[in-house]
Amino acid sequence: DVKVTQSSRYLVKRTGEKVFLECVQDMDHENMFWYRQDPGLGLRLIYFSYDVKMKEKGDIPEGYSVSREKKERFSLILESASTNQTSMYLCASSEQGLGQPQHFGDGTRLSIL
Amino acid sequence: AQSVAQPEDQVNVAEGNPLTVKCTYSVSGNPYLFWYVQYPNRGLQFLLKYITGDNLVKGSYGFEAEFNKSQTSFHLKKPSALVSDSALYFCAVRDMTSGTYKYIFGTGTRLKVLA
């Protein structure tokens with residue numbers, strides 16, 4: 001079974017802090033994704049990566065950056081956290097191939113005070 | 001613009017009755033369509049997908065979905081609902097304009113199965 005592990009289930013940070021969310025997958029998947037989930041808005045893609053050191057912006061990249069130094073790890077960085085970044089963050093991975101499903105972690109509920 | 005719509009925020013159904021969760025899409029070309037389920041405090045789990053072939057797709061936990069090209073729909077169905085099916089369901093479609101692995105998710109439909 002594919003396992004996608006997000007380092008924290010719950011996180012509380014202060015406005016202006018630099019925040020790191022970590023995600024690790026154990027299935028050697030090429031593609032990795034970061035989404036945020038907000039009620040009534042569904043999932044919105046922040047960034048994705050299709051190879052080590054490769055990244056592409058999603059629909060809402062502003063205020064975020066990512067890092068993929070190793071194939072199994074994809075980090076989301078909030079450069080200077082703001083209250084409107086309070087949300088559920090979901091990491092996912094998938095194999096190459098356009099019809100491959102995504103495998104999700106259990107999410108990090110991030111609160112910015 | 002590529003899009004996917006889930007017109008119902010919530011669907012209530014009695015246990016043992018058939019259920020339908022609706023999804024419509026708008027994409028150029030042939031769509032790649034997915035259904036996912038999210039249980040409380042968990043990530044999304046893949047249920048089933050349509051890429052090509054038979055319009056009726058069978059997936060996990062007894063769910064199936066019917067692809068209808070003329071109505072641009074991909075409704076999720078189950079013949080007999082269980083209380084344990086209560087969850088949040090997401091439809092997703094591959095973004096055919098991006099040339100990459102982007103997928104567009106619907107806003108989700110909360111399914112409540114009543115005992």
Trypsin sites (Lys or Arg not before Pro) in the range B:26-115 lying in a DSSP loop, each with at most 12 other Cβ atoms within 10 Å of its Cβ, come to B:Lys69
Share of Cα-Cα pairs in the protein assembly as shown beyond 31 Å, whole percent, is 21 percent
Inter-chain shielding metric for A:83-95, i.e. average beta-carbon neighbours from other chains within 10 angstrom, reads 1
Ranked output for segments A:8-15, A:33-40 by mean other Cβ atoms within 10 Å, highest leading, reads A:33-40, A:8-15
In this structure, among A:Lys13/B:Lys112; B:Lys49/B:Lys102; B:Lys58/B:Lys102; A:Lys71/B:Lys78; A:Lys53/B:Lys58; B:Lys69/B:Lys102, pairs with alpha-carbon gaps over 26 Å are A:Lys13/B:Lys112; A:Lys71/B:Lys78; A:Lys53/B:Lys58
Taking R0 as 35 Å and r as the Cβ-Cβ distance between A:Tyr50 and A:Thr86, the FRET efficiency 1/(1 + (r/R0)^6), rounded to the nearest 0.05, comes to 0.75
If each part is reduced to its alpha-carbon centroid, the range B:41-115 and the range A:45-88 end up apart, in Å, by 26 Å
Carbon plus sulfur, as percent of the 1.4 Å-probe accessible area of the protein assembly as shown, comes to 49 percent
iface B-A | buried accessible area, total | probe 1.4 Å | Å², round 100 | 2000 Å²
Residues of the range A:9-35 with backbone N under 14 Å of the label point set 7 Å from the Cα of A:Ser65 along Cα→Cβ are A:18-21
So B:Thr72 and B:Glu15, fully extended at 0.36 nm per residue minus their Cα-Cα distance, gain in nm 17.6 nm
Taking every DSSP bridge whose two residues both lie in chain A, the antiparallel percent to the nearest 5 is 90 percent
The value for chain B (convex hull of the alpha-carbon atoms, volume per residue, Å³) is 100 Å³
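The values are calculated or read from the model by the stated rules, or taken from the named source; none is laboratory data. Model, not experiment: these values are computed from the prediction. Cβ sites come from the backbone with ideal geometry, for glycine too, and all protein chains shown count toward neighbours. Accessible surface areas use protein heavy atoms only, side chains included; no ligands, DNA or RNA. Shrake-Rupley method; radii C 1.70, N 1.55, O 1.52, S 1.80 Å.
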